[in-house]
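Laboratory data are not the source of any read-out in this text; all were calculated from the coordinates shown. Fair warning: this is a prediction, and the values are worked out from it, not measured in the lab. Counting neighbours? That spans all protein chains shown, and the Cβs are built from the backbone with ideal geometry, glycine included.
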Amino acid sequence: MTNAVVPGLPAPGRCLVMGVVNVTPDSFSDGGAWFDPEKAIRHGLDLVAEGADIVDVGGESTRPGAQRVSEDEELRRVVPVIEALNAENVPVSIDTMRAEVAEAAVRVGARLVNDVSGGLADPDMARVVAAADVPYVVMHWRGHSHDMQTRAVYADVVREVRDELLQRVDAVLQEGVDPSMIVLDPGLGFAKSPKAGHNWTLLARLDALTATGYPVLVGASRKSFLTKLLADPDGTPRAFAECDDATVATTALAAAAGAWCVRVHRVRPNADAVRVAAAVGAARPSDDGTSEPVAADGRAQQGGHRV
Ligand code: PMM
């Protein structure tokens with residue numbers, strides 16, 4: 001459902017690009033680069049200038065093995081950054097598992113709550129999101145980072161991820177979250193084994209999530225399964241920041257498969273990729289064999305099919 005409209009967020013008729021600002025000293029992909037609030041704000045504005053539709057601000061690393069930060073520290077990291085970006089009219093999402101942090105972030109202007117635990121880490125989260133009346137990313141998650149990889153055991157990863165997500169959806173709906181506010185995310189890299197190929201299988205079968213009717217967010221950027229795919233012949237994984245070209249490839253594929261949004265560290269090439277996917281989708285023949293003329297910006301000129 002690329003063209004899904006999520007309340008309060010941009011709806012350009014193509015897959016959205018969410019740029020990442022990790023206000024952390026230890027995120028695995030860009031740890032430390034934006035820990036200083038001034039640098040984080042500048043980086044958020046730069047990402048918008050490069051084409052980000054949403055800027056995702058997070059104050060807690062979720063890299064495998066990471067220990068948790070205190071709530072006070074998380075608030076201290078994210079609130080000034082969100083406040084400043086919101087003052088510049090940037091659509092901001094808050095990447096947090098804590099209800100208190102989500103609540104404070106929305107108070108200073110965050111328009112979306114991105115909860116990698118899908119409401120499992122904090123029993124108050126869904127109620128807070130419902131009361132705030134903002135969209136909610138429910139990601140597939142099986143436990144905190146310190147031991148999540150031991151939980152990467154599946155008989156059928158696509159079915160189990162979809163079913164577990166839909167169970168979370170039922171739970172958050174019961175807490176009062178409106179169905180139009182829900183976005184699903186397969187949680188690439190979270191309790192997924194690169195060895196078992198779980199991330200590739202989920203990318204290959206994104207249709208199992210888009211078929212639910214909920215918009216789908218995909219976060220493949222700089223994840224370990226890319227560093228391992230691109231390893232040297234001696235097995236040394238490619239450095240995280242050297243996986244941006246591969247990330248762009250995942251973006252094009254996810255957008256073509258109907259993702260609503262991709263979450264990425266380097267915005268510009270991914271913003272290009274979603275436009276390419278939209279232009280190809282718009283040019284795709286409809287059921288009667290005709291194709292719509294495609295405008296220079298990649299949109300179908302008279303409606304028509306889009307990815
Ligand atoms: N991945 C990370 C952090 N937040 N949020 C969503 N919705 N989906 C993801 O895949 C996701 C996320 C970890 O990546 P980072 O620490 O490199 O930003």
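Table for the structure above
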read-out: Size of charge dipole - region 215-298 - debye, nearest 20, with Cβ of Lys, Arg +1 and Asp, Glu -1, no other charges; value: 360
read-out: Descending semi-axes in whole angstrom, ellipsoid equivalent of the chain, from the Cα gyration tensor; value: 27, 23, 21
read-out: Region 102-241 pair-distance distribution - Cα-Cα, 10 Å bins, rounded %; value: 12, 39, 32, 14, 3, 0
read-out: Under the span-like rule (Cα at least 20 Å along the axis, Kyte-Doolittle mean at least -0.5), DSSP H helices of the chain; value: 71-87, 157-174, 267-283
read-out: Region 4-100: radius of gyration over Cα atoms, expressed as a fraction of 2.2 N^0.38 Å; value: 1.07
read-out: Per-residue ³J(HN,Hα) for region 138-153, Karplus 6.51 cos²θ - 1.76 cosθ + 1.60, θ = phi - 60°, Hz, x for Gly and Pro; value: 9, 9, 6, 8, 10, x, 5, 4, 4, 9, 5, 5, 6, 9, 7, 10
read-out: Sorted by Cβ density within 10 Å, fewest first, the residues THR62, THR236, THR96, THR210; value: THR236, THR210, THR62, THR96
read-out: For MET148, MET18, order by how many other beta-carbon atoms lie within 10 Å, fewest first; value: MET148, MET18
read-out: Under-5 Å amide H pairs with ILE182, H placed in peptide plane, nonlocal only; value: TYR136
